[in-house]
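Working notes, structure below.
We did not get these values from a lab; they are worked out from the coordinates using the rules stated. Only a predicted model underlies this, so the values are computations on that prediction, with no experimental measurement involved. Because the Cβ atoms are built from the backbone with ideal geometry, glycine has one as well, and the counts that use them run over all protein chains shown.
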Amino acid sequence: MIHVESLVKRYGGLTALDRVSFDVARGEILGFLGPNGAGKTTTMRILTCFLPATAGVAQVAGFDVFAQPVEVRQRVGYLPESVPLYPEMRVSEYLDFRARLKHVVRAARSGRIKELVETCGLGEVVRRPIAQLSRGYRQRVGLADALIASPPILILDEPTVGLDPNQIREVRTLIRELGKEHTILLSTHILPEVEMVCGRVVIIHQGRVVAQDTPARLREQLEGRSRVVVEVRGGPEEQVRETLGRIAGVKAVSPDGARLVIDVEPGKDVREDVFRAVVAGGWTLTELRTDAMSLEDIFVRVTTREDEGEKPVPKEEAA
Amino acid sequence: MNLLTIARRELLAYFYSPIAYVVLALFLLIQGIYFWLFLTFLSQPGAPPGAVMSYFFGGTILFWMSTIFSVSLLSMRLLAEERRSGTFETLLTAPVRDIEVVLGKYLACLLFYLLLWLPEVIYVALLWRFAGRPDLGPIAAGYLGAFLVGAALMSFGLLASALTRNQIIAATLAFVFSWALVLVGVAQDFVTSQSLRDTLGYVHMFKLMEDFGRGIVDTRHVVFLLTLTVLGLYATTKVVELKKGA
């Protein structure tokens, strides 16, 4: 439904997108993941024909975003990150205006608005001016607007940002629900969100796609490099690190607070060797566990690879 | 259809904002004072001959002051506010064309501008009742002139609003654009070249409004004002195109 190929966007000398390519299949929920400023919003703005690209191909529902913008927009429901709304309008007036603008036929309009007020939980505020709404309600109004013309494709830019934990859960449930009928591209920098909601992930960093796969497969790929976390007492850290580093199958040992993180070669289990080495050294082992990589670690890994090489990344930084 | 949807929302937005009421009230007050001034002035013995309404529309700077004031204030919000608040993005990612957005907004402010002039019909009624029957032809021409001039200046007001996110700057720009357009013809008095004088005569807005006020509907004037309108709207559409995502 969405096809992006070698998309480039330059602002003056700055390259915001550097040959970005990905596809979103019909009925898929694709998570667009990246740190702030990675180029997520830029990509989404190009896909909604708000921003022209410098080079490359972008197609939505088979229509080219540059040549057939109105066709594309007709099929896309877009929720921009800042959820811009007209503060002076009432929720019902706003939805009515948006429904007209998106060519919802007159006969269906009020029924469709009622339906969305229900789905998005806007019942209490439907007569209130938007200026009086909380952030959570504004987000829902924005979502209702994106859905109003029942577009086959939804593009949601950071749909859960600024919501409280309960609202976040509600919105995620809603998105999963919507994923049954819509093709969804959603951006986020919150990792658990992707694992919970998305069928596939594109990780973008500094305008480049650095990884794309299902959350499970991404984890699998990188899980090979599983890690063992140990806490050792009674020995100088340097010496402990050196000893552990000599164990066959250990790639690197790095400190992480009071603990040591041991990077292990794929497929090896070094826990017994670690235990013996610690005992042989005359130290005490107070903790030993394997640490499956979360998507968060993967994210930090792929987005820092460039700057820091293959060095293991302390877990805290990922939070 | 999109155009009307946008115009409808924009008109409603006028009635939600205090600015529109302030403009409406001030415009009526100022116009009322002018009417009274002209009436008093022309009733004096030894006053130059002429109809009240023709002075009302042309021949003095007063018409321009109130028109430019209201055009600047009515157009400033239209696009600047959309860009400031970010609704520009939701608006332009809906299935609408840029030109529909521009024309929809333009239609709204033009209708509001007409609304400003509507109550002035009462002056004609007053004259009709108390001062004998004024000649309606020149009055209608005066209204036409006020409408066309407003339409032309408003398109540049909209352009000003497209150029910035700040309403105050938009109003100031609109004010400057309007006076520049109105005054360019006045340069006629300062040039020596005859051909340049003639050319400037075509775009002399003071003289043009004087003609309308006297009941002269000159096709050249009408064409000039319509050309300005189209030019302003075209430039606005181009600016909207350029400002997308910027």
Problem set entry | Cα-centred dipole magnitude for segment B:2-245, charges only on beta-carbon of K, R (+1) and D, E (-1), debye, nearest 20 | 360 debye
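So what is the diffusion coefficient of the protein assembly as shown in µm² per second by Stokes-Einstein at 37 °C and 0.692 mPa s, using a Kirkwood Rh over Cα pairs? List each step's numbers first, then the result.
Details: Rh = 28.2 Å.
Estimated diffusion coefficient is 116 µm²/s.
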Exercise. Put +1 on the Cβ of every Lys and Arg and -1 on every Asp and Glu Cβ in the protein assembly as shown; which of A:VAL240, A:HIS182, B:PHE35 then has its Cα farthest towards the positive end of the dipole?
Worked result: B:PHE35
Exercise. Are there trypsin sites (Lys or Arg not before Pro) in segment A:13-56 that DSSP puts in a loop and that have at most 12 other Cβ atoms within 10 Å, and which ones?
Worked result: A:ARG26
Seminar exercise, completed: Final fewest-first order of A:THR54, A:THR188 on the 10 Å Cβ neighbour count is A:THR54, A:THR188
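Taking other Cβ within 10 Å of each residue's Cβ, how do A:THR173, A:THR41 sort, fewest first? If you can, show how the numbers build up before the last one.
On the way: A:THR173 12, A:THR41 21.
Ascending number of Cβ neighbours within 10 Å: A:THR173, A:THR41.
Return the calculated 222 nm mean residue ellipticity for chain B, to the nearest 500 deg cm²/dmol, obtained by summing -39500 (n - 2.57) across DSSP H runs with n ≥ 4 and dividing by the residue count.
Values: 13 runs with 195 residues, N = 246.
So the helix-based figure for chain B works out to -26000 deg cm²/dmol.
Count charges around A:VAL197 for me, please; just the other residues with Cβ under 9 Å from its Cβ, Lys/Arg as +1, Asp/Glu as -1.
On the way: positive: A:ARG172, A:ARG176; negative: A:GLU193, A:GLU195.
So the surrounding residues net to 0.
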Exercise. Once segment B:2-245 is represented by equal point scatterers at the alpha-carbon sites, with solvent omitted, what log10 I(q)/I(0) does the Debye formula produce at q = 0.12, 0.15 Å⁻¹?
Worked result: -0.71, -1.03
Seminar exercise, completed: As a Kirkwood estimate from alpha-carbon pairs, segment B:30-162 has a hydrodynamic radius in angstrom of 16.7 Å
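Would you tell me the mean number of C-beta atoms belonging to other protein chains that fall within 10 Å of each C-beta in B:76-88, as a whole number?
Details: counts 0, 0, 0, 0, 0, 1, 2, 0, 1, 5, 6, 7, 3.
Shielding by partners across B:76-88 averages 2.
Arranged by the count of other C-beta atoms within 10 angstrom, fewest first, what order do B:LYS238, A:LYS180, A:LYS102 take? It would help to have the intermediate numbers written out before the result.
Values: B:LYS238 14, A:LYS180 8, A:LYS102 21.
Neighbour counts put them in this order, fewest first: A:LYS180, B:LYS238, A:LYS102.
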For this session: Mind putting a number on the dipole of segment B:24-100 about its Cα centre? Charges go on the C-beta only, +1 for Lys and Arg and -1 for Asp and Glu, and I need it in Debye to the nearest 20.
Result: 180 debye
Seminar exercise, completed: Placing +1 on each Lys and Arg Cβ and -1 on each Asp and Glu Cβ in chain B, then taking the dipole about the Cα centre, the residue among B:ALA94, B:TYR113, B:ILE61 whose Cα reaches farthest towards the positive end is B:ALA94
For this session: Taking amide H positions as placed in the peptide plane 1.01 Å from N, state which residues far from A:GLN206 in sequence (5 or more) or on other chains have amide H under 5 Å from it.
Result: none
For this session: Measure nothing but the geometry: give the 0 to 90° angle between the long axis through the Cα atoms of B:136-163 and the longest principal axis through the Cα atoms of chain B, rounded to 10°.
Result: 30 degrees
Seminar exercise, completed: Computed over chain A: longest principal axis from alpha-carbon atoms vs helix A:91-101 long axis, angle to nearest 10 degrees, is 80 degrees
Exercise. Along the positive direction of the dipole of chain A (beta-carbon charges: Lys, Arg +1; Asp, Glu -1; about the Cα centre), which of A:VAL76, A:PRO52, A:PRO129 reaches farthest?
Worked result: A:PRO129
Exercise. Principal axis lengths of segment A:94-161 from Cα atoms, whole Å, largest first?
Worked result: 31, 27, 18
Exercise. In debye to the nearest 20, how big a dipole does chain A give about its Cα centre with +1 on each Lys and Arg Cβ and -1 on each Asp and Glu Cβ?
Worked result: 1200 debye
For this session: Return the calculated 222 nm mean residue ellipticity for chain A, to the nearest 500 deg cm²/dmol, obtained by summing -39500 (n - 2.57) across DSSP H runs with n ≥ 4 and dividing by the residue count.
Result: -10500 deg cm²/dmol
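Would you tally the net charge around B:MET76, using a Cβ to Cβ cut-off of less than 14 Å, leaving B:MET76 out, and scoring K and R as +1, D and E as -1? Show your work: numbers first, answer last.
Numbers: positive: B:ARG77, B:ARG83, B:ARG84, B:LYS105, B:ARG165; negative: B:GLU10, B:GLU81, B:GLU82.
Local net charge: +2.
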Seminar exercise, completed: Helix A:165-178: inclination vs chain A longest Cα principal axis, degrees, rounded to 10, gives 70 degrees
For this session: Work out the mean other chain Cβ neighbour count within 10 Å for the residues of A:83-92 and drop it here as an integer.
Result: 4
Exercise. From the phi of every residue in segment B:101-106, what ³J(HN,Hα) in whole Hz does the Karplus formula 6.51 cos²θ - 1.76 cosθ + 1.60 yield, where θ is phi - 60° and glycine or proline is x?
Worked result: 5, 4, 5, x, 5, 4
Exercise. If you count, for every residue in A:67-77, the Cβ atoms of partner chains within 10 Å of its Cβ, what is the mean?
Worked result: 3
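To check you understand DSSP bridge types, tell me what percent of the beta bridges within the protein assembly as shown (both residues inside) are antiparallel, rounded to 5.
Values: 37 of 55 bridges.
So the antiparallel bridges in the protein assembly as shown amount to around 65 percent.
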Exercise. Taking Cα atoms of chain A, Rg/Rh with Kirkwood Rh, to two decimals?
Worked result: 1.10
